[in-house]
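The values are calculated or read from the model by the stated rules, or taken from the named source; none is laboratory data. Here the structure is a predicted model, which is why all the values come from computation and not from measurement. Cβ sites come from the backbone with ideal geometry, for glycine too, and all protein chains shown count toward neighbours. Please note that ligands, DNA and RNA were not included when accessible areas were found on the heavy atoms of the full protein model with its side chains. Shrake-Rupley method; radii C 1.70, N 1.55, O 1.52, S 1.80 Å.
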Amino acid sequence: MKKIALAALASLLLAPGCLAAEAVTEWRYHVYQGDTLWSIATLHLKDVSYIPALQRLNRISNAHAILTGRDIRIPLEWMKQRPGRPVVMAVTGNGSLKRHNGSRPLVEKQELEAGDIIETAENAVIIIRYEDGSVSEIGPKSRLTIRQTTHYPSTQATSNDIRLERGSIDSRITRNPLMPNRYDIQTPSAVTAVRGTQFRVRVDDPAESGTEVLEGKVEVRQDGRPVNVSAGYGVMMRQGRDDNGVESLPAAPDLAGLPAGSAFPGVQFAWPAVPRATAYAYSLQGESGQYASGETTSPRAVVRVSDNGRYLLTVRGKLPSGLNGYPSSHAFRVHAFPPPPFIVEPMNGIMAAGNQVSLNLGATDGQRWLVEFSRDSAFSAPVLRQQMDRDHASITLPQAGIWFWRAAQLDAGGVAGPFGEHRQLEAGAGFRARLNDVRMAVRARAHPVDGASYALTLSRPGQEVVYREVASQPVWVLPKTLPSGPYRARIDIDAPDYHEVEQQEIQILG
């Protein structure tokens, strides 16, 4: 099988053949005034007995007088070292750790060691922090083995050897001015050796590996032929092919115009197209642990969340070769749960003879709502703000006339979800209230998508569907033949690349 070697331009320094039959990785120590071989060995080497070999290797005639400014070659195997202690900093979704033929769920603050096998499920992400401060993000559906991890305490540098069988690793390697940190990432078709850079390695197919460099430089080798890749470029290396050219990465998408919040669980985003990008990879991460990822061929995406809170959307442009570009992120907040109640009212709105009005917001025992009343539709200064339930759904308004009202559902802790669309009613209408059309209508909120259709389905407890109608707006005038009583109401909202469902119990009064 062909091998592809990716190495940082300033990475591995190989020892001469006198040290071993094979090349040995070295560190080059820069000599400062006052340094001696004894002081260097005492600080950095396992034992001072290495001093004669170090003197011969570097052809130093006087061990007590070293020329300031020169470099001393020190084989890594001679240096003070111990097993490294990478730590799991964050777990989103489900990840597993296999160690010594046993398996356990990955948890935060879990220390890792050589031989550990890490697997991530779909829509799962693991963050690993190394002792030198470097960080790796293990993407969804990944499998990797920590083959070796070493820490050099005298320099605080680390060396890690990781085998990635599938999935992706996004890494930011810290720069150690004294001794560069070393990271080798092996795949079925590549070996990546990196020092002090930000990069991404991805394996979608054992026969190919993609490398994208955001900071620093790497050298890609295939059959001994080097390809230099600088920051802002990437290369997709495929076995058996010689056309593996370096490509410039797409720029980060402009997400500045995206909304800062949403009252809907299906959040729609659209951004300007990125030049040369033919697709976009996106991921969504929430403060409650939710993670989702996907790909779209157009500069827009609909992501669905399952809880209120803060979220971070990250988007990358994608080239036809499969390389991803620079990422751009957008933070937003969702306040969508519990959803606002469906409203059942006369088709022309509520018209009360006096100042007391009754609202029909649901049929579930224990369900509560927060209702606001205002004189203006913008609710700039609500006059009344009151909690209601099914048995206490009436209120006496302080004055007759036109009022605007809106309702939000309360969760079990008494926290209100988003308000639905406002409605208008008339209090103190006198005899004119008798002239109001008493045909009942079900109303729900409109979703912020173009061309949406709304399908209302009503079913009785223990019975099949008794009513279904599709409308271009979320308003349905019910037939008079529909019996009064409780119903299970389901609304399907459909548009291109968009589907949401809202369900509630409603009460239809005769």
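Things to note:
- Dipole orientation for the chain: of the candidates I118, S358, P486, I118 has the Cα lying most toward the positive pole (charges on Cβ; Lys, Arg +1; Asp, Glu -1).
- Dimensions of the stretch 179-327 along the principal axes, based on C-alpha atoms and rounded to the nearest Å, stand at 56, 34, 26, largest first.
- Positive end of the dipole of the chain (Cβ unit charges, origin at the Cα centre): among G430, Q409, T192, the Cα lying farthest that way belongs to T192.
- Taking label points 7 Å from Cα along the Cα-to-Cβ direction, S248 and D307 give a separation of 4.3 nm.
- Taking amide H as placed 1.01 Å from N in the peptide plane, L214 has its amide H under 5 Å from the amide H of Q198, F199, R200, G232, each at least 5 places away in sequence or on another chain.
- Scattering curve values for the chain, log₁₀ I(q)/I(0), Debye with Cα scatterers, q = 0.12, 0.13 Å⁻¹: -1.08, -1.19
- Segment H100-S472, length gained on full extension (0.36 nm per residue, minus Cα span): 127.9 nm
- Surface per residue (accessible, 1.4 Å probe) for the stretch 255-314, Å²: 45 Å²
- Amide hydrogen neighbours beyond the local backbone of A471, cut-off 5 Å, H modeled: Y454, A455, L456
- Convex hull volume of the stretch 72-201 per residue (C-alpha atoms, cubic angstrom): 105 Å³
- Coupling constants for the stretch 29-46 follow from the phi torsions by the Karplus curve (6.51 cos²θ - 1.76 cosθ + 1.60, θ = phi - 60°), and in residue order they are 8, 8, 7, 10, 4, x, 5, 10, 4, 5, 5, 5, 5, 4, 7, 10, 9, 4 Hz; glycine and proline get x.
- As a fraction of the 1.4 Å probe accessible area of the chain, surface on carbon and sulfur atoms comes out at 50 percent.
- For E421 and E295, the FRET efficiency from 1/(1 + (r/R0)^6), where r spans their Cβ atoms and R0 equals 25 Å, is about 0.15.
- Dipole of the stretch 281-321 computed with +1 at Lys/Arg Cβ and -1 at Asp/Glu Cβ about the Cα centre; of Y291, L312, A281, farthest Cα towards the positive end is A281.
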